[in-house]
Amino acid sequence: MRVEFDEPKCVAAGQCVMAAPDVFDQRDDDGVAIVLNDTPDAALHDQVREAAAVCPAAAIRLVEQ
């Protein structure tokens, strides 16, 4: 799996960080999400799928490999 993130779409809700804290974080200055690991291990795939599903801005796209 590869995580693609559309930063301009991000509304800084933090849902991705709560769902997958090993893969996403938020910038301190504006709360916009950042991707810590764009190719997470298989053990994290369910969390990453949840993060993409709960993103209110649909800013996370997953490419299954």
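In the stretch 26-48, of all residues being of a type outside the set (A, V, I, L, M) and surrounded by 16 or more Cβ atoms within 10 Å (Cβ to Cβ), the one that is farthest from Glu64 (Cα to Cα) corresponds to Gln26. Screening Asp30, Asp22, Asp38, Asp46 for residues that are at negative phi, modelled with pLDDT of 95 or more and in contact with a helix residue (DSSP H, G or I) (Cβ under 7 Å, 6 or more places away or on another chain) leaves exactly one candidate, Asp22.
Look at the stretch 20-40: where a residue is touching a residue at least 60 places away in the same chain (Cβ under 8 Å) and more than 15 Å from Ala57 (Cα to Cα), no partner that is of a type outside the set (Asp, Glu) and surrounded by fewer than 14 Cβ atoms within 10 Å (Cβ to Cβ) sits 6+ places away or on another chain with Cβ atoms under 7 Å. Restricting the search to the stretch 17-65, which residues are in a helix (DSSP H, G or I), of a type in the set (A, V, I, L, M, F, W, C) and under 12 Å from Val3 (Cα atoms)? Selection gives Leu44, Val48, Ala51, Ala52. Kindly establish whether Ala13 is touching a residue at least 40 places away in the same chain (Cβ under 8 Å), in a loop (DSSP other than H, G, I, E, B) and buried (at least 16 other Cβ atoms within 10 Å of the Cβ). Yes, satisfied.
The values are calculated or read from the model by the stated rules, or taken from the named source; none is laboratory data. Everything quoted here is computed from the prediction, not taken from an experiment. Cβ atoms come from the backbone with ideal geometry, glycine included; neighbour counts cover every protein chain shown.
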